[in-house]
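The values are calculated or read from the model by the stated rules, or taken from the named source; none is laboratory data. On a predicted model such as this, the values are computed, not experimentally measured, just so you know. Cβ: placed from backbone, ideal geometry, glycine included. Neighbour counts: every protein chain shown. When the accessible area is computed, the model is the full protein with side chains, heavy atoms only, and any ligands, DNA or RNA have been set aside. Shrake-Rupley method; radii C 1.70, N 1.55, O 1.52, S 1.80 Å.
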Amino acid sequence: MGRIVGGFAMSHVLGAPAGVEAQSEIVFAGMKEIGARIRALAPDVLVVVSSDHLNNFRLGQPVPVGVAVDAVLTPLGDMGLPRDPIRGHAAFTTGFASFARKGACAEVVPLEGVQPDHGIMIPLGIVDPERQFAVAPVYVNTVFDDAPEPAQSYALGGRLKTYIETVRPADERVVILAGGGLSHWLGVPEEGRVNVDWDNAFVDLMIGGDHAALAEMTNLEIGQEAGNGGLEVNAWIVLAGAMPGNRGELVFYEPIPQWASGMGGLALSPDI
């Protein structure tokens with residue numbers, strides 16, 4: 001059976017350092033620390049759970065959860081990010097899409113021709129700059145209705161855990177990296193607001209292992225307290241579902257209104 005050897009989460013955006021030099025250095029150093037830890041784990045598969053920003057999915061064809069199944073993926077190149085190809089893992093992703101559809105979580109759709117945008121590529125660019133790892137992108141819709149609720153995201157993580165541990169080859173090493181969050185409002189009058197109290201409470205649940213409480217949240221609650229962009233924490237809840245009860249540590253947190261985001265990153269300890 002396969003094994004989850006590490007679980008991490010980080011915000012998936014970076015802004016200009018001008019005016020916030022000290023904070024931006026803390027954030028970037030924290031992201032690099034997460035990257036170093038992942039590389040030290042030498043995963044056979046790096047599952048990146050994140051959101052798309054209406055670059056691959058459209059309102060007319062909503063996809064609650066999408067799994068990119070190509071063996072090679074060409075990034076979109078938004079935000080000036082490089083477009084050199086990344087290596088997918090078609091066997092892992094195709095198998096997971098089929099396995100997850102048999103569970104009680106949100107609809108899971110296998111997708112070809114996905115061009116990962118910054119939601120995948122900023123974390124991946126820091127974690128795996130040399131393109132060493134086979135990447136399994138999992139997209140949790142957070143930008144149009146009906147978006148998966150936290151309970152569904154948590155259940156999806158549980159299906160991912162079961163898939164890795166019961167279907168994948170023996171000794172396969174898997175790391176899960178969730179991207180997005182924390183609190184932020186985009187394209188609305190509150191843009192630039194960061195809810196520090198909510199961010200801290202959410203992180204405490206994540207690293208304290210109180211993951212069942214995360215599944216009891218609602219998107220309405222998250223949207224009200226953490227903003228429309230804060231719904232991206234559903235990716236973190238997928239991670240929690242895949243590592244239920246596992247405690248962890250906060251690697252970095254900085255509220256940066258100039259970047260319109262609470263910037264955070266954490267690590268969950270794997271089962272021994």
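Ser153 passes every criterion in (1) surrounded by 17 or more Cβ atoms within 10 Å (Cβ to Cβ); (2) among the hydroxyl-bearing types (Ser, Thr, Tyr); (3) touching a Pro at 6+ places or on another chain (Cβ under 7 Å) apart from (3).
In the set (1) open to solvent by less than 20 Å² (accessible area, probe 1.4 Å); (2) under 13 Å from the mean Cα position of the chain (by Cα); (3) not aliphatic (A, V, I, L, M), Phe133 fails one condition alone, (2). One residue is enough: does the range 196-214 have a residue meeting the conditions touching a Ser or Thr at 6+ places or on another chain (Cβ under 7 Å), farther than 25 Å from Gly66 by Cβ and modelled with pLDDT of 95 or more? Scanning the range 196-214, I find at least one residue that is touching a Ser or Thr at 6+ places or on another chain (Cβ under 7 Å), farther than 25 Å from Gly66 by Cβ and modelled with pLDDT of 95 or more, so the answer is yes. Every condition in (1) surrounded by fewer than 17 Cβ atoms within 10 Å (Cβ to Cβ); (2) within 18 Å of the chain's Cα centre (by Cα); (3) more than 30 Å from Pro270 (Cβ to Cβ) holds for Leu76 except the one numbered (1).
Let me confirm something: among Ile26, Ile38, Ile86, which residue is more than 19 Å from the chain's Cα centre (by Cα), in contact (Cβ under 8 Å) with a residue 12 or more places away in the chain and surrounded by 14 or more Cβ atoms within 10 Å (Cβ to Cβ)? Steps first, please.
Details: Ile38 fails: more than 19 Å from the chain's Cα centre (by Cα); Ile86 fails: more than 19 Å from the chain's Cα centre (by Cα).
Every option except Ile26 fails the conditions.
Here is a yes/no grid of residues against (1) under 20 Å from Met243 (Cα atoms); (2) buried (at least 16 other Cβ atoms within 10 Å of the Cβ); (3) touching an Asp or Glu at 6+ places or on another chain (Cβ under 7 Å):
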| position | (1), (2), (3) |
| --- | --- |
| Leu14 | no, yes, no |
| Gly30 | no, yes, no |
| Ile34 | yes, yes, no |
| Leu46 | yes, yes, yes |
| Leu54 | no, no, no |
| Val67 | yes, yes, no |
| Asp70 | no, yes, yes |
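The numbered conditions (1) outside any strand (DSSP E or B); (2) buried (at least 22 other Cβ atoms within 10 Å of the Cβ); (3) not polar (S, T, N, Q) are all true for Ala212 except (2).
Restricting attention to the range 246-268, the residues that are among the polar types (S, T, N, Q) and outside any strand (DSSP E or B) total 2.
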